[in-house]
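Asks: Structure incoming, see below.
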Amino acid sequence: MLSRAPATSTHKPVTEILNPVPSPLGLLCKVPFKSSFSHTSKAPVLPNHCIEVPQVNISPETLGLYHQVVNWQAKSAIIHPCMLHVLAFPLHLYLLLKADFPFKILGLVHIENSLRQVRPLYANESYNLVCYLADLHIHRKGWLFSIVVEARVAGELVWVSTSRNLSRAKHGLTAPVSPKADIPSLADASEFFWRLESDLGRRYAKAAKDYNPIHLYPLSAKLFGFKRAIMHGMWTKARCMSQIQLSNSPIFEQPFEVNTQFKLPLYLPSKVRMRLRDKQSSSLHFLVDSLSAEQQSTPHLVGKIKLN
């Protein structure tokens with residue numbers, strides 16, 4: 001087996017300023033065409049583009065729809081920490097649609113997300129968003145890369161998101177063995193049960209403007225190999241944070257980092273369980289799973305909030 005490190009662009013970052021944020025629906029319409037003509041190279045190069053959009057505001061309608069679908073019930077003016085991920089979603093697509101992006105878009109697997117909140121976020125603020133690609137690594141199933149978004153208010157960094165994605169490929173190269181992520185024991189954790197209705201993916205799409213067909217209808221999901229529509233991992237993450245906010249709202253009024261790994265697909269409709277262990281003052285562990293008739297656990301998301 002050959003072993004070769006992924007190539008990294010040596011060019012200076014090219015910053016492209018957009019105003020306003022591109023239409024996500026317009027970008028989504030281009031995805032099948034980009035996918036059709038892309039191929040996976042054995043020595044891919046991650047392009048060095050940087051997208052910046054100044055003075056992005058959140059409309060009350062968008063915020064209301066999003067808070068409703070993720071069950072955010074904060075009594076203060078603080079917005080959900082995942083709201084800016086929705087705001088930046090078109091920038092993700094914009095970068096992935098670049099001609100020199102080396103992977104197909106259809107089939108990318110979102111496997112991890114990390115959010116870092118430097119200070120609370122508010123609806124009446126204007127956010128300067130910067131988005132770029134980073135951290136290309138070989139993986140036994142293909143290639144890993146990250147999409148990074150930074151948000152600033154009046155020049156101050158207030159929020160950072162890093163989304164880790166897998167592009168599947170048979171590259172024939174030797175990849176380092178990644179340590180298997182442990183699923184924490186949450187036997188003593190609090191438990192919450194949610195019923196996810198069949199239209200939840202469509203409701204989330206309306207709020208987040210992410211109309212990926214695998215989340216919408218059983219038929220459209222089957223076209224991509226799923227037996228039914230699956231729920232978006234970022235909804236599951238956001239819903240967990242809303243659940244935590246109900247019992248521990250001070251967390252979201254201070255700096256923190258929340259890391260999540262997306263495991264097995266969460267099919268709609270379904271009933272799921274969230275388990276939360278918050279006995280440690282500096283961190284909280286949580287997990288979302290489904291239980292079979294034999295009470296066997298099927299994990300969908302594993303997460304941890306760390307206070308900074």
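Asks: Per residue, how much space in cubic angstrom lies within the convex hull of the C-alpha atoms of the chain?
Replies: Value for the chain: 145 Å³ per residue.
Asks: Separate question: Given points 7 Å out from each Cα along the Cα-Cβ axis, report the Ser59 to Arg273 separation in nanometres with one decimal.
Replies: 4.1
Asks: Answer rounded, prolate or oblate for the range 111-244, using the Cα gyration tensor with square roots of eigenvalues a ≥ b ≥ c: rounded when a/c is under 1.5, else prolate when a/b is larger than b/c, else oblate.
Replies: rounded
Asks: What is the set of long-range amide H partners of Ile79 at a cut-off below 5 Å, with H atoms built 1.01 Å from backbone N?
Replies: Leu121, Tyr122, Ala123
Asks: Skip the ligands, DNA and RNA, and give the accessible area per residue of the chain with a 1.4 Å probe, whole Å².
Replies: 49
Asks: Which ³J(HN,Hα) values in Hz, rounded to whole numbers, follow from the phi angles of the range 45-59 under the Karplus curve 6.51 cos²θ - 1.76 cosθ + 1.60, where θ = phi - 60° and Gly and Pro get x?
Replies: 10, 7, x, 9, 7, 9, 9, 10, 10, x, 6, 8, 10, 9, 6
Asks: So which GluC sites (Glu not before Pro) in the range 180-263 are both in a DSSP loop and have at most 12 other Cβ atoms within 10 Å of their Cβ? Present the calculation step by step, with values, prior to reporting the outcome.
Replies: Working: sites: Glu191, Glu197, Glu253, Glu257; in loops: Glu197.
Filter output for the range 180-263: Glu197.
Asks: Taking 0.36 nm per residue of sequence separation and subtracting the Cα-Cα distance, how much length would be gained by fully extending the chain between Ser282 and Asp199, in nm to one decimal?
Replies: Extending this stretch completely gives an extra 26.2 nm.
Asks: Counting C-alpha atoms alone, how compact is the range 232-308: give Rg to one decimal and Dmax as a whole number, in angstrom.
Replies: Cα radius of gyration and Dmax of the range 232-308 are 12.9, 41 Å respectively.
Asks: Based on DSSP H runs of at least 4 residues, each adding -39500 (n - 2.57), what is the mean residue ellipticity at 222 nm of the chain after dividing by all its residues, to the nearest 500 deg cm²/dmol?
Replies: -6000 deg cm²/dmol
Asks: Compute the convex hull volume of the Cα atoms of the range 70-128, divide it by the residue count, and report the result per residue in Å³ as a whole number.
Replies: Spelled out: Cα convex hull of the range 70-128, divided by residues, is 129 Å³.
Asks: With the cut-off at 25 Å, tell me which of the pairs Lys98/Lys306; Lys206/Lys271; Lys141/Lys209; Lys30/Lys271; Lys227/Lys263; Lys237/Lys306 have Cα atoms farther apart than that.
Replies: Lys98/Lys306; Lys141/Lys209; Lys30/Lys271
Asks: What Kirkwood radius, in Å to one decimal, follows from the Cα pairs of the range 109-156?
Replies: Final number for the Kirkwood radius of the range 109-156 is 13.1 Å.
Asks: Give the relative contact order (percent, whole number) for the range 181-247; include only Cα pairs under 8 Å separated by 6+ residues.
Replies: Details: 46 pairs, mean separation 13.0, N = 67.
Relative contact order here is 19 percent.
Asks: Answer rounded, prolate or oblate for the range 53-168, using the Cα gyration tensor with square roots of eigenvalues a ≥ b ≥ c: rounded when a/c is under 1.5, else prolate when a/b is larger than b/c, else oblate.
Replies: Details: a/c = 2.13, a/b = 1.83, b/c = 1.16.
It comes out prolate by the Cα gyration axes.
Asks: Whose amide H sits under 5 Å from the amide H of Phe256, counting only residues 5 or more places off or on another chain, with H placed in the peptide plane?
Replies: Amide H to amide H, under 5 Å and 5 or more residues apart or across chains, Phe256 pairs with Gln117, Asn308.
Asks: On to the next question. Answer rounded, prolate or oblate for the range 193-286, using the Cα gyration tensor with square roots of eigenvalues a ≥ b ≥ c: rounded when a/c is under 1.5, else prolate when a/b is larger than b/c, else oblate. Write out the running numbers ahead of the final one.
Replies: Numbers: a/c = 2.48, a/b = 2.14, b/c = 1.16.
Here the range 193-286 falls in the prolate category.
Asks: Given the convex hull of the Cα atoms of the range 181-248, what is a quarter of its surface area in nm²?
Replies: 6.3
The values are calculated or read from the model by the stated rules, or taken from the named source; none is laboratory data. Quick caveat: nothing in here was measured; it's all calculated off a predicted structure. Note that we place each Cβ from the backbone using ideal geometry, even for glycine, and neighbour counts take in every protein chain shown. Heavy atoms of the whole protein, side chains included, go into the accessibility calculation; ligands, DNA and RNA do not. Shrake-Rupley method; radii C 1.70, N 1.55, O 1.52, S 1.80 Å.
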